[in-house]
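Structure first, commentary second.
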Amino acid sequence: MPDELIQIEETDNKEWFYTDIVKDHFFNPRNVFKTKAESEAYAKEADGTGLVGSPACGDGMRMFLKIDKEKDKITECKWETYGCGTALASTSMFSVMLTENDGMKIEDALNIKPKDIANKLGGIPARKFHCSVLADKAFKEAVNDFFRNTNQLNRIQGTGKKIIDKVLKITDEDIEHAVLEGALSFEDVQKKTKVGIHDKGCIPEVNRLIQVYREKYFGE
Amino acid sequence: MKDIYLDHAATTYVREEVLKEMEKYFTEVYGNPGSFNSIGLKAKEALDKARDKIKELLNAPSEKNIIFTSGGTESINLAIKGVARSLKKKGNHIITSKVEHHAVLETCKYLEEEGFEVTYLDPDQYGIISVEKLERAIKSNTILVSLMYANNEIGSINPIKELAEICKSKRIYFHTDACQAGGLLNIDAKELNIDLMTLNSSKLYGPKGVGLLYIKTGILIKPIIHGGGQEFGLRSGTENVPGIMGFAKALELAQLEREEENKRLGKLSKKLTEGILNNIPKTVLNGHPKNRLSNNVNISFLDIEGEALLLYLNEHGFCASSGSACTSKTLDPSHVIIATGVPYEFAHGSLRITLGKKTSEEDINLMISVLPKIVEKLRLISPFNLKMEEVKINAR
């Protein structure tokens with residue numbers, strides 16, 4: 001918008017700086033494959049895999065899980081990510097969070113929010129937040145794959161949630177979270193979630209949802 | 001580890017000769033050229049000399065054809081808004097292209113809100129605007145055409161003389177954004193038959209914060225900045241004398257050296273381009289293979305994202321840039337690369353390397369040896385493995 005009114009706000013202007021933890025995970029990614037052959041072999045033995053995004057979107061991720069079925073714990077998490085520094089570092093950190101200390105219970109892992117990953121990384125630039133939500137999504141896809149493979153259909157996530165952006169698989173719940181975190185306009189929600197960048201058809205529905213959640217939480 | 005700066009299209013350092021030229025205008029000849037006292041008059045004298053030098057370099061008939069501004073963006077705003085508003089009664093149609101710099105695109109969008117109608121031409125697959133395409137877009141109410149001389153992202157060079165010729169024959173004003181061309185191409189305004197031309201200093205080893213708009217004699221234009229009436233009433237505000245002195249020196253040196261420098265840079269760019277395309281699979285050159293700026297190399301890599309590539313390169317000391325979505329404010333990949341019909345898969349993985357005066361063959365060799373390893377590492381952790389034939393360029 002060339003003629004919009006601009007109001008000067010007090011915000012963090014360090015939007016391009018990455019913390020040392022982000023850099024460490026970016027340059028030394030944890031839980032990645034050493035060769036493509038290793039990745040192909042692993043794909044066959046993984047208990048669950050999930051893929052989100054596409055090269056046309058500018059980011060994409062595949063996550064592989066190995067799960068201790070008795071303890072319902074994640075024992076291994078491997079991943080492949082196409083994306084920027086934030087996307088790569090957050091997947092790496094997420095894979096560590098899932099598997100450290102003998103592995104996390106699936107139930108607890110499902111409660112990890114993108115914000116938790118960002119905190120573990122020592123913070124990420126605000127405008128890069130959307131890049132960190134991908135890990136969470138790929139993980140949910142992988143867990144659902146595991147539930148399907150082990151015939152635990154009642155545990156599949158996302159029932160009750162509706163996919164709004166068909167390309168990035170962004171749900172109404174993601175939009176709800178974004179609004180809760182203070183994104184009150186379409187532009188702000190898009191900055192956080194990337195919704196509607198590739199699936200432009202979903203924009204009216206996103207706008208409607210923002211209004212619904214604003215009313216619900218802020219009474220506007 | 002030393003930094004290897006390969007982002008000269010973004011901005012250049014200030015060369016020694018230029019810095020030296022500027023120095024005394026900060027501390028000795030610091031007067032206001034508008035003041036009637038000895039130090040002010042000295043500053044005015046210097047300013048006149050700089051303007052005269054640039055007049056010669058541009059082959060302009062009069063000093064009054066040169067309006068100093070704060071840089072490329074301001075010159076572009078003055079050219080487009082100034083001409084459009086002055087000709088409002090004659091017509092309201094402006095033609096530009098989809099690969100222009102944001103300074104042009106956003107100014108045109110702004111004018112749309114003022115009631116102007118703008119045609120954004122599609123370039124060919126190399127980012128070039130053909131004379132035929134421009135001719136077809138001209139209407140009876142067209143008042144201004146603004147097309148860049150050379151592209152800042154992919155380096156492609158427009159047939160500026162021919163484009164200007166068409167406009168002249170139809171009595172339409174022609175402005176060219178020559179910010180990237182100023183240090184490397186012919187900027188003879190008379191020979192090129194140009195009505196308005198934007199140049200800036202910070203891309204040709206001059207200081208930042210200085211630019212100019214060349215305006216041909218007889219052109220009707222309104223100022224966009226009002227005040228004390230400096231720059232023949234077209235750009236109010238005390239003149240940036242040290243900056244202008246530096247700019248004039250930088251432009252003089254650049255034009256003097258450009259043929260030799262083009263030869264040297266052309267060789268290095270060719271070596272780098274071939275070194276990347278031949279050694280790294282699934283790569284394409286963006287922009288025209290020959291008709292491009294001698295210092296510009298822009299290559300897309302499949303299966304990896306540009307920001308990640310930049311960060312790794314930076315870790316090896318290389319400063320470059322990318323058209324990836326994550327390096328832009330809009331979360332969209334380069335509008336230039338997309339406009340050329342290159343698919344998103346390529347646009348997200350683009351790398352712009354722009355060479356400069358201090359770029360050596362050693363730097364290029366190092367880049368050629370480092371880049372394949374980085375690409376391999378990033379491709380290994382990428383979930384995608386696209387085939388070149390799957391990602392077709394949509395030729396226009």
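The values are calculated or read from the model by the stated rules, or taken from the named source; none is laboratory data. Computed from a predicted structure; not experimentally measured. Here Cβ is always computed from backbone atoms with ideal geometry, including for glycine, and neighbour counts include all displayed protein chains. Heads up: the accessible areas ignore ligands, DNA and RNA and are worked out on the full protein's heavy atoms, side chains in. Shrake-Rupley method; radii C 1.70, N 1.55, O 1.52, S 1.80 Å.
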Any residue in segment A:119-131 that is more than 15 Å from A:Phe17 (Cβ to Cβ) sitting within a Cβ distance under 6 Å of a residue that is open to solvent by 20 Å² or more (accessible area, probe 1.4 Å)? List the pairs, counting only those 6 or more apart or interchain.
A:His130/A:Lys192
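Here is a yes/no grid of residues against (1) open to solvent by 30 Å² or more (accessible area, probe 1.4 Å); (2) assigned to a loop (DSSP other than H, G, I, E, B); (3) over 26 Å from A:Arg62 (Cα atoms):
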position: B:Pro333; (1), (2), (3): no, yes, no
position: B:Glu345; (1), (2), (3): yes, no, no
position: B:Ser369; (1), (2), (3): yes, no, yes
position: B:Val375; (1), (2), (3): no, no, no
position: B:Pro383; (1), (2), (3): no, yes, no
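It is to be established whether one or more residues within segment B:307-320 are open to solvent by 60 Å² or more (accessible area, probe 1.4 Å) and not in a loop (DSSP other than H, G, I, E, B). Spell out how you get there, then give the answer.
Looking only at segment B:307-320, we keep the residues that are open to solvent by 60 Å² or more (accessible area, probe 1.4 Å), and these are B:314-316.
Retained after the next criterion (residues that are not in a loop (DSSP other than H, G, I, E, B)): B:314-315.
Within segment B:307-320 (the criterion being open to solvent by 60 Å² or more (accessible area, probe 1.4 Å) and not in a loop (DSSP other than H, G, I, E, B)), the answer is yes, since at least one residue qualifies.
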I'm checking my understanding of the structure. Among residues of segment B:343-396 that are away from chain A (no Cβ under 14 Å) and of a type in the set (S, T, N, Q), which one is farthest from B:Tyr205 (Cα to Cα)?
B:Ser369
Could you please give the count of residues in segment B:254-295 that are among the hydroxyl-bearing types (Ser, Thr, Tyr) and open to solvent by 30 Å² or more (accessible area, probe 1.4 Å)?
0
In segment B:172-214, how many residues are of a type in the set (Phe, Trp, Tyr), touching a Lys or Arg at 6+ places or on another chain (Cβ under 8 Å) and open to solvent by 10 Å² or more (accessible area, probe 1.4 Å)?
1
Condition first: within 14 Å of another protein chain (Cβ to nearest Cβ) and either free of Cβ contacts under 8 Å to residues at least 12 places away in the same chain or under 15 Å from B:Lys88 (Cα atoms) (or both). Now tell me which residues in segment B:104-162 satisfy that.
B:Glu106, B:Cys108, B:Lys109, B:Tyr110, B:Leu111, B:Glu112, B:Glu113, B:Glu114, B:Gly115, B:Phe116, B:Val118
Helices (runs of 4 or more DSSP H) wholly inside segment A:64-161 that include at least 1 residues being out of contact with any Lys or Arg (no Cβ under 7 Å at 6 or more places or on another chain), open to solvent by 40 Å² or more (accessible area, probe 1.4 Å) and away from chain B (no Cβ under 14 Å):
A:106-110, A:114-120, A:129-149
Do you know which residues across segment B:347-367 are at pLDDT 95 or above, of a type in the set (A, V, I, L, M, F, W, C) and either open to solvent by less than 10 Å² (accessible area, probe 1.4 Å) or outside the structural domain of B:Ile276 (by TED's automatic domain parsing) (or both)?
B:Leu351, B:Ile353, B:Leu355, B:Ile364, B:Met367
Among the residues of segment B:129-171, which ones are open to solvent by 20 Å² or more (accessible area, probe 1.4 Å), closer than 14 Å to B:His288 by Cβ and not polar (S, T, N, Q)?
B:Glu153, B:Ile157, B:Pro159
Considering B:Lys55, B:Lys81, B:Lys64, B:Lys24, which residue is more than 18 Å from B:Gly211 (Cβ to Cβ), modelled with pLDDT of 95 or more and open to solvent by 20 Å² or more (accessible area, probe 1.4 Å)?
B:Lys24
Per the list (1) free of Cβ contacts under 8 Å to residues at least 24 places away in the same chain; (2) more than 10 Å from chain B (Cβ to nearest Cβ); (3) farther than 30 Å from A:Gln152 by Cα, residue check on A:His25 breaks on (1)
Within segment A:32-42, can you find the residues that are closer than 21 Å to A:Leu98 by Cα and more than 10 Å from chain B (Cβ to nearest Cβ)?
A:Tyr42
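B:Thr217 - would you say it is crowded, with 24+ Cβ neighbours inside 10 Å, over 22 Å from B:Leu355 (Cβ atoms) and polar (S, T, N, Q)? It would help to see each step written out before you state the result.
Working: crowded, with 24+ Cβ neighbours inside 10 Å: no; over 22 Å from B:Leu355 (Cβ atoms): yes; polar (S, T, N, Q): yes.
No; evaluated as a whole, the condition is false for this residue.
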